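Here's the structure, in structure tokens; my notes come after.
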Amino acid sequence: MLTFTIRRLLFAIPTLLFIALVIFLLLELAPGDPMANVPLTVPPEIKEQMRQALGLGEPVHIRFWKWIVQFFWVEPLNVFDYLFDTNFADGRLRIISWQNRAPVFITIAERIPQTLWVVGTAYLVAIAIAIPVGIYSAYRQYSAFDQVGTFVTMIGFSVPPFFSGVLVIIIFAVQLRWFPSIYDTRLVVDSWESFGMQVRQMFLPVMVLALQITSQLSRFMRASMLDNLNQDYVRTARAKGLREKTVVLVHVLRNSMIPVVTVIALGVPAIFGGAIITEQVFKVNGIGQLLITAIQANDLPMVQTLTFIFAVLIVLFNLIADVLYGILDPRIRYD
Amino acid sequence: MPDGDTRNVLEVRGLRTVFETRRGEVHAVNSVSFEVKPGELLGVVGESGSGKSVTMMSLVGLLPSPPAEVREGKVLLDGEDLLQVTPARLRDIRGSDVGFIFQDPMTSLNPVFTVGFQIMEPVRRHMGLNKKQARARAIELLELVGIPGAAGRLSDYPHQFSGGMRQRVMIAIALACDPKVLIADEPTTALDVTIQAQILEIIEDLRSKLGMAIVWITHDLGVIAGIADRVAVMYGGQIVEHAEVFPLFNDPRHPYTRALLKTIPTVSGKRAAKLQVIEGQPPMLGAAPTACAFRDRCPLAFERCHAENPQRETVGPGHDVACFHPLAHTAKEGAA
Ligand SMILES: Nc1ncnc2c1ncn2[C@@H]1O[C@H](COP(=O)(O)OP(=O)(O)OP(=O)(O)O)[C@@H](O)[C@H]1O
Ligand code: SF4
Ligand SMILES: [Mg+2]
């Protein structure tokens with residue numbers, strides 16, 4: 001297992017470099033001019049100077065190489081400096097946003113907490129609801145519980161967040177005034193009262209996202225349980241005189257969780273990706289919103305970096321999913 | 001061999017099991033009665049769909065309900081009616097007094113738990129042993145079924161065993177708590193011939209060592225001839241003929257039994273075909289039978305067979321047949 005993991009990690013390096021190149025070239029080809037937002041009154045010579053200052057004058061391969069060095073060497077050094085109060089990174093140029101001339105990683109670090117709070121909580125809530133619901137619906141297939149579950153799931157699947165989000169804002173924020181409609185990022189949680197505020201402002205976006213994730217995950221859990229409930233080993237477990245609870249929650253569940261855990265692991269990068277639409281609807285200034293504004297502003301370094309971070313996370317969690325699969329399923333041998 | 005006056009350890013009377021499906025009822029088991037004594041081996045034969053598995057699973061509530069419903073009958077295990085006891089009591093009996101072995105050893109073990117865990121489970125559940133004692137018992141059981149290096153194999157997973165070895169593990173699980181009755185549902189069908197012979201040998205050996213009653217379901221009349229004391233032939237959810245091995249093979253009275261015996265391949269040791277060599281299809285019973293289930297395939301059918309369901313009648317010592325036209329011993333050559 002260890003050799004498998006190391007081999008996979010090594011193999012991930014060329015994969016990631018290739019992805020980095022593809023992202024870079026795609027954005028290179030994409031239409032859009034970083035100078036487009038500069039007022040028309042600015043003379044062309046000045047624009048050209050600005051272009052040079054952004055490093056756009058250099059050939060593609062040089063710019064790619066510089067970006068790679070910045071991403072894999074300069075930025076980690078900065079993190080190291082920040083953590084241990086050293087100054088290894090002094091004087092080295094970081095990846096700079098074209099929008100606000102600040103290092104992109106600082107902006108990202110500012111935005112991540114909102115995203116993690118809202119989307120991460122939604123993910124955990126969804127897992128906590130979906131697994132028991134999936135188990136029970138499968139065990140009592142076609143019961144009233146299962147039917148209601150299927151109906152709610154269908155709604156969760158088919159109603160997009162830009163609709164459900166607006167709907168809950170109108171009902172719970174505008175009409176009933178139970179929850180605020182806008183997420184206030186400046187809120188500092190330092191007391192029980194402000195914690196309560198935080199919970200309240202998170203509630204609606206978390207529920208909207210959780211409904212969607214729960215729908216997918218509970219269906220998956222249910223299907224996985226149903227697959228296993230009909231297996232011969234379940235009959236064997238019953239023939240041994242085991243309690244129904246043991247049969248279902250030990251024998252069947254342990255098998256059913258294998259694909260579910262994999263799917264959960266594969267879904268984690270999406271948390272960091274933020275929920276673009278939900279963040280827009282609730283004005284949560286997380287990563288999803290950052291990406292959208294960066295795209296609109298032609299902020300290539302920001303878009304490149306964010307996209308590449310998602311790519312790294314996806315590759316990483318694919319690896320984690322594979323390793324988990326190997327740990328959970330003794331039949332899998334990685335050598 | 002046990003003689004007539006030993007008490008029956010398992011006695012089944014008038015068992016009726018119905019499946020309530022969306023397309024109507026399926027009467028899978030119709031008034032089945034049989035009994036076994038301690039140390040005795042009852043063979044149950046019949047083609048696919050004749051209700052052998054459903055009968056045995058009905059005994060201890062192993063069928064999913066719904067759709068299955070045991071409508072009538074008595075299942076007396078040492079005098080206690082298993083159809084009347086509470087679910088909790090039934091769980092206490094399953095795996096301890098009644099052990100089960102199933103057909104496919106590849107899928108009957110849970111792939112994600114070690115073999116040791118799966119053997120220790122019933123032991124701990126029924127015998128109340130602690131971990132250490134259960135481990136010792138598991139090793140003892142694996143040795144009993146002839147798995148070499150038993151202690152070292154407890155932490156192995158089922159996929160690390162061959163098919164024959166897995167079936168031995170299944171036997172070990174079934175025998176874990178010294179059952180009074182062992183029900184083996186086609187335990188060798190999925191195995192190849194040499195392995196099959198080894199498993200048969202183990203069962204024969206354990207039967208004499210442990211003295212439990214065995215109900216052995218199979219398609220394979222060759223196997224039955226080798227190990228059974230008595231044989232029950234099932235057709236359409238009923239036992240149509242029942243006798244000791246010798247009379248059954250020498251003097252079959254039911255036209256179906258006779259047809260079955262013709263399907264035994266001549267090359268000894270070769271596995272019997274799935275008994276579908278007899279022309280026609282086995283019946284699907286949408287209602288309790290009101291005529292002989294075999295009438296459409298029977299060469300001897302006459303009016304009465306279409307109007308009435310024959311009941312089992314004694315035709316010799318320990319030999320009974322459900323047929324209006326039981327073939328006389330002398331008519332054997334001419335008929336069928
Ligand atoms: N879950 C079910 N729902 C409806 N009918 C069923 C169900 N399970 C079994 N049956 C019916 O019960 C009848 C008897 O099936 P059973 O499995 O006992 O046959 P069998 O004699 O064991 O056959 P085989 O030799 O193939 O194992 C079959 O005709 C089948 O259609
Ligand atoms: S009762 Fe009639 S149909 Fe049935 S087996 Fe006997 S002779 Fe054939
Ligand atoms: Mg069967």
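The values are calculated or read from the model by the stated rules, or taken from the named source; none is laboratory data. Being a predicted model, the structure only gives us computed values, none of them experimental. Cβ sites come from the backbone with ideal geometry, for glycine too, and all protein chains shown count toward neighbours.
From the list B:92, B:81, the lone residue that is within 14 Å of chain A (Cβ to nearest Cβ) and either within 16 Å of ligand 2 (Cβ to nearest atom) or surrounded by fewer than 21 Cβ atoms within 10 Å (Cβ to Cβ) (or both) is B:92. Apart from one condition, residue B:241 fits all of (1) in a helix (DSSP H, G or I); (2) modelled with pLDDT of 90 or more; (3) charged (D, E, K, R); the exception is (1). When the stretch A:77-133 is filtered for residues that are farther than 27 Å from residue A:183 by Cβ and of a type in the set (Asp, Glu), the ones remaining, listed by number, are A:81, A:85, A:90.
I'm checking my understanding of the structure. Among residues of the stretch B:10-45 that are among the hydroxyl-bearing types (Ser, Thr, Tyr) and more than 16 Å from ligand 2 (Cβ to nearest atom), which one is farthest from the other protein chains (Cβ to nearest Cβ)? Even if it seems obvious, please write down each step before you answer.
Within the stretch B:10-45, the subset among the hydroxyl-bearing types (Ser, Thr, Tyr) is B:17, B:21, B:31, B:33.
So of that shortlist, the ones also more than 16 Å from ligand 2 (Cβ to nearest atom) come out as B:17, B:21, B:33.
Values: B:17: 16, B:21: 13, B:33: 23 Å.
So the residue we want is B:33.
Is it true that some residue in the stretch B:189-199 is within 16 Å of ligand 3 (Cβ to nearest atom) and either free of Cβ contacts under 8 Å to residues at least 24 places away in the same chain or more than 14 Å from chain A (Cβ to nearest Cβ) (or both)? For the stretch B:189-199, residues within 16 Å of ligand 3 (Cβ to nearest atom) and either free of Cβ contacts under 8 Å to residues at least 24 places away in the same chain or more than 14 Å from chain A (Cβ to nearest Cβ) (or both): present.
Every test in (1) within 14 Å of another protein chain (Cβ to nearest Cβ); (2) of a type in the set (Ser, Thr, Tyr); (3) out of contact with any helix residue (DSSP H, G or I) (no Cβ under 9 Å at 6 or more places or on another chain) is passed by residue B:50 save one, and that test is (1).
Can you tell me which residues in the stretch B:203-220 are assigned to a helix (DSSP H, G or I) and crowded, with 17+ Cβ neighbours inside 10 Å? I'd like the intermediate steps shown before the answer.
As a first pass, look at the stretch B:203-220 and keep what is assigned to a helix (DSSP H, G or I): B:203-210.
The answer is B:203, B:206, B:207.
Taking the condition among the hydrophobic types (A, V, I, L, M, F, W, C) and at the interface with chain A (Cβ under 10 Å from one of its Cβ atoms), does residue B:161 pass? It would help to see each step written out before you state the result.
Details: among the hydrophobic types (A, V, I, L, M, F, W, C): yes; at the interface with chain A (Cβ under 10 Å from one of its Cβ atoms): no.
Taking the combined requirement at face value, the residue does not satisfy it.
Which of the numbered conditions does residue A:131 fail, given that it passes all the others? Conditions: (1) surrounded by 14 or more Cβ atoms within 10 Å (Cβ to Cβ); (2) at pLDDT below 90. For residue A:131, the failing item is (2).
Within the stretch A:161-197, the set of residues being surrounded by 11 or more Cβ atoms within 10 Å (Cβ to Cβ), of a type outside the set (Asp, Glu) and not in a helix (DSSP H, G or I) comprises A:178, A:179, A:180, A:181, A:182, A:183, A:185, A:187, A:189. Annotation: of all residues in the stretch B:296-317 being in a loop (DSSP other than H, G, I, E, B), surrounded by 14 or more Cβ atoms within 10 Å (Cβ to Cβ) and not charged (D, E, K, R), the one that is farthest from ligand 2 (Cβ to nearest atom) is B:309.
When every residue of the stretch A:311-319 is checked against the conditions, none turns out to be within 24 Å of residue A:22 (Cα to Cα), of a type in the set (Val, Ile, Thr) and modelled with pLDDT under 90.
How many of the residues in the stretch A:164-214 are of a type in the set (Ser, Thr, Tyr) and closer than 20 Å to residue A:154 by Cβ? It would help to see each step written out before you state the result.
Here is the first cut: in the stretch A:164-214, the ones of a type in the set (Ser, Thr, Tyr) are A:164, A:181, A:183, A:185, A:191, A:194, A:214.
Retained after the next criterion (residues that are closer than 20 Å to residue A:154 by Cβ): A:164, A:214.
Selection size over the stretch A:164-214: 2.
Highlighted here are the helices (runs of 4 or more DSSP H) found entirely within the stretch A:221-306 that include at least 3 residues which are within 14 Å of chain B (Cβ to nearest Cβ): A:232-239, A:253-272. For the stretch B:200-231, the set of residues classified as in contact (Cβ under 8 Å) with a residue 60 or more places away in the chain, touching a strand residue (DSSP E or B) at 6+ places or on another chain (Cβ under 8 Å) and within 14 Å of residue B:178 (Cα to Cα) consists of B:207, B:212, B:213, B:214, listed by residue number.
Within the stretch A:265-287, the set of residues being crowded, with 18+ Cβ neighbours inside 10 Å, closer than 13 Å to residue A:120 by Cβ and aliphatic (A, V, I, L, M) comprises A:271, A:275, A:284, A:287. If the condition is being more than 16 Å from ligand 2 (Cβ to nearest atom), within 15 Å of residue B:186 (Cβ to Cβ) and under 12 Å from the mean Cα position of the chain (by Cα), then the stretch B:46-63 contributes B:51, B:52, B:53, B:54, B:55, B:56, B:57.
Looking at the structure I just gave you, is residue A:211 more than 21 Å from residue A:268 (Cα to Cα), at pLDDT 90 or above and not in a loop (DSSP other than H, G, I, E, B)? Against the criterion (more than 21 Å from residue A:268 (Cα to Cα), at pLDDT 90 or above and not in a loop (DSSP other than H, G, I, E, B)), residue A:211 does not qualify. In the stretch B:175-182, the condition of being part of a helix (DSSP H, G or I) and either within 16 Å of ligand 3 (Cβ to nearest atom) or surrounded by fewer than 16 Cβ atoms within 10 Å (Cβ to Cβ) (or both) is met by no residue. For residue A:322, are the conditions met, namely being away from chain B (no Cβ under 14 Å), surrounded by fewer than 19 Cβ atoms within 10 Å (Cβ to Cβ) and of a type in the set (Asp, Glu)? Taking the combined requirement at face value, the residue satisfies it. Looking at the stretch B:53-68, can you tell me whether even one residue there is out of contact with any Pro (no Cβ under 9 Å at 6 or more places or on another chain), free of Cβ contacts under 8 Å to residues at least 24 places away in the same chain, in a loop (DSSP other than H, G, I, E, B) and within 14 Å of chain A (Cβ to nearest Cβ)? There is at least one residue in the stretch B:53-68 that is out of contact with any Pro (no Cβ under 9 Å at 6 or more places or on another chain), free of Cβ contacts under 8 Å to residues at least 24 places away in the same chain, in a loop (DSSP other than H, G, I, E, B) and within 14 Å of chain A (Cβ to nearest Cβ). With respect to the conditions (1) in contact with a Ser or Thr (Cβ under 8 Å, 6 or more places away or on another chain); (2) more than 16 Å from ligand 3 (Cβ to nearest atom); (3) facing another protein chain (nearest Cβ under 10 Å); (4) not basic (Lys, Arg), residue B:103 falls short on a single one, namely (2). Quick test of your reading of the structure: residue B:119 fulfils all but one of (1) within 16 Å of ligand 1 (Cβ to nearest atom); (2) over 13 Å from the mean Cα position of the chain (by Cα). Name the failing condition by number. Of (1) within 16 Å of ligand 1 (Cβ to nearest atom); (2) over 13 Å from the mean Cα position of the chain (by Cα), only one is false for residue B:119: (1). On the basis of being away from chain A (no Cβ under 14 Å), hydrophobic (A, V, I, L, M, F, W, C) and crowded, with 17+ Cβ neighbours inside 10 Å, does residue B:171 make the cut? No; evaluated as a whole, the condition is false for this residue. Here the condition is being buried (at least 17 other Cβ atoms within 10 Å of the Cβ) and without any contact (Cβ under 8 Å) to a residue 40 or more places away in the chain; of A:258, A:295, it holds for A:295 alone.
For the stretch B:113-134, the count of residues that are assigned to a strand (DSSP E or B) and within 13 Å of chain A (Cβ to nearest Cβ) is zero.
Within the stretch B:168-178, the set of residues being within 19 Å of residue B:195 (Cα to Cα) and in contact with a helix residue (DSSP H, G or I) (Cβ under 6 Å, 6 or more places away or on another chain) comprises B:169, B:172, B:173.
Per the conditions (1) within 14 Å of another protein chain (Cβ to nearest Cβ); (2) over 22 Å from residue B:227 (Cα atoms); (3) touching a residue at least 24 places away in the same chain (Cβ under 8 Å), the sole criterion not satisfied by residue B:72 is (1).
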